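Structure first, then comments.
Every number here is computed from the coordinates shown, using simple stated rules; none is lab data. Note that the coordinates shown come from a computational prediction; the quantities given were computed from them, not determined experimentally. Positions of Cβ are backbone-derived with ideal geometry, glycine not excepted, and every protein chain shown enters the neighbour counts.
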Amino acid sequence: MKKIINFGDKDTRSGFGEGLTELGRINPNIVALCADLTGSLKMQNFKEENPERFYQVGVAEANMMGIAAGLTIGGKIPFTGTFANFSTGRVYDQIRQSIAYSSKNVKICASHAGLTLGEDGATHQILEDIGLMKMLPGMTVINPCDFNQTKLSTIAISKHKGPVYLRFGRPKVPNFTDDKSNFEIGKGILLNEGSDVTLIATGHLVWEAIQAAEEIKEQNINVEVINIHTIKPLDDKIIIDSVKKTGCLVTAEEHNYIGGLGESISGMLSKKHPTPQEFVAVNDSFGESGTPSQLMEKYGLNKKTIIQKIKKVINRKI
């Protein structure tokens with residue numbers, strides 16, 4: 001497996017903050033709205049540099065979505081910011097009716113997604129958000145893996161016409177992607193070529209997938225690793241090309257296995273190229289309070305579980 005370097009741990013929400021700040025300097029139509037979490041979403045620099053383009057709406061997320069939809073009518077490109085739970089579950093009706101239905105050019109940017117929100121517990125750890133958002137017609141859904149990719153995706157979605165859901169997290173995670181790479185919405189990234197099994201991951205689980213592939217290579221199992229940052233639209237080609245070669249796959253994500261990336265891939269392959277598949281994801285449950293590392297271990301969102309599923313799916317293929 002080709003060596004992938006960790007340039008140091010950084011939180012993905014800071015990648016969003018840097019991307020938004022850069023956009024504020026180059027595009028006067030970029031506006032930002034926040035629901036009383038400016039610090040948590042790393043939106044301070046944008047606010048300080050563009051006070052006339054920053055709207056603090058308070059703990060009124062539904063109102064924030066309505067305001068954002070309205071701002072698009074005047075040609076603005078609004079970026080909303082709050083926790084993933086409040087960006088989706090709390091305001092689903094407003095997103096559906098005011099943004100998705102009329103394809104408003106709103107960028108819904110959601111931090112603190114998944115179990116790695118940690119000690120705040122199950123009420124804040126939304127594990128259904130990808131499913132909620134990908135079911136909305138016309139909604140693009142993006143889940144970057146590290147700081148650099150989050151920054152690049154933040155900039156990229158400003159150029160995309162239509163509603164976008166951008167999902168990222170709170171904890172520091174390995175930063176290993178190229179900060180100069182071209183982020184292309186809807187295109188997966190082949191990280192390593194392999195012949196025995198396809199391993200497809202998104203978000204924080206991409207690094208765990210890389211580590212799992214490195215470790216299991218010592219057992220003469222060659223893993224093809226793919227980073228899928230865009231869950232909708234899905235890059236069917238990179239997936240089908242890979243599973244035609246390997247004959248089986250494992251998907252890994254920090255989300256409920258129902259409604260997530262794995263389910264999207266399973267549904268696509270059932271129609272185009274049926275393939276044995278194993279899932280690394282939360283098994284249809286809510287989360288709980290704990291440190292991010294404790295929760296990822298308990299719920300099996302790590303390289304150890306990925307390796308177990310790789311062996312299982314290879315046996316199924318045989």
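Remark: for residue pairs Lys244/Lys304; Lys107/Lys187; Lys10/Lys42; Lys107/Lys151, the C-alpha separation exceeds 23 Å in Lys244/Lys304. The alpha carbons of region 1-131 stretch over 48, 35, 29 Å along the principal axes, in descending order. The magnitude of the dipole of the chain, with charges of +1 and -1 set on the Cβ of Lys/Arg and Asp/Glu and taken from the Cα centre, is near 780 debye. Of all the options Ile185, Ile210, Ile238, the one that moves most in a Gaussian network model of the chain with Cα springs shorter than 10 angstrom is Ile238.
Amide hydrogen proximity for Gly114: with H placed 1.01 Å from N in the peptide plane, the residues at 5 or more positions away or on another chain lying under 5 Å are Ile126. For Val59 and Asn27, calculate 0.36 nm times their separation in residues minus their Cα-Cα distance, and state this gained length in nm to one decimal. Taking Val59 through Asn27 to full extension adds about 8.8 nm, to one decimal.
Within the chain, the longest segment free of exposed loop sites, counting trypsin sites (Lys or Arg not before Pro) that fall outside DSSP classes H, G, I, E and B and have at most 12 other Cβ atoms within 10 Å, spans 4-158.
Build a GNM of the chain with springs between Cα atoms under 10 Å apart, and of Met135, Met296, Met65 the one that fluctuates most is Met135. Based on the Cβ-Cβ distance from Asp36 to Asn283, what FRET efficiency comes out when R0 is 35 Å, to the nearest 0.05? Using R0 = 35 Å, I get an efficiency of 0.60. Taking a straight Cα-Cα cut-off under 15 Å and skipping sequence neighbours fewer than 8 places away in the same chain, the aspartates and glutamates within cross-link reach of Lys272 are Asp235, Asp236, Asp241, Glu263. At q = 0.13 Å⁻¹ the log10 of I(q)/I(0) for the chain amounts to -0.87, computed by Debye summation with a single uniform scatterer per C-alpha, solvent ignored. Listed cross-link partners Lys134/Lys217; Lys172/Lys303; Lys3/Lys47 are compared with a 27 Å cut-off, the Cα-Cα value being larger for Lys134/Lys217; Lys3/Lys47.
In the chain, the longest principal axis of the Cα atoms and the axis of helix 261-272 are about 60 degrees apart.
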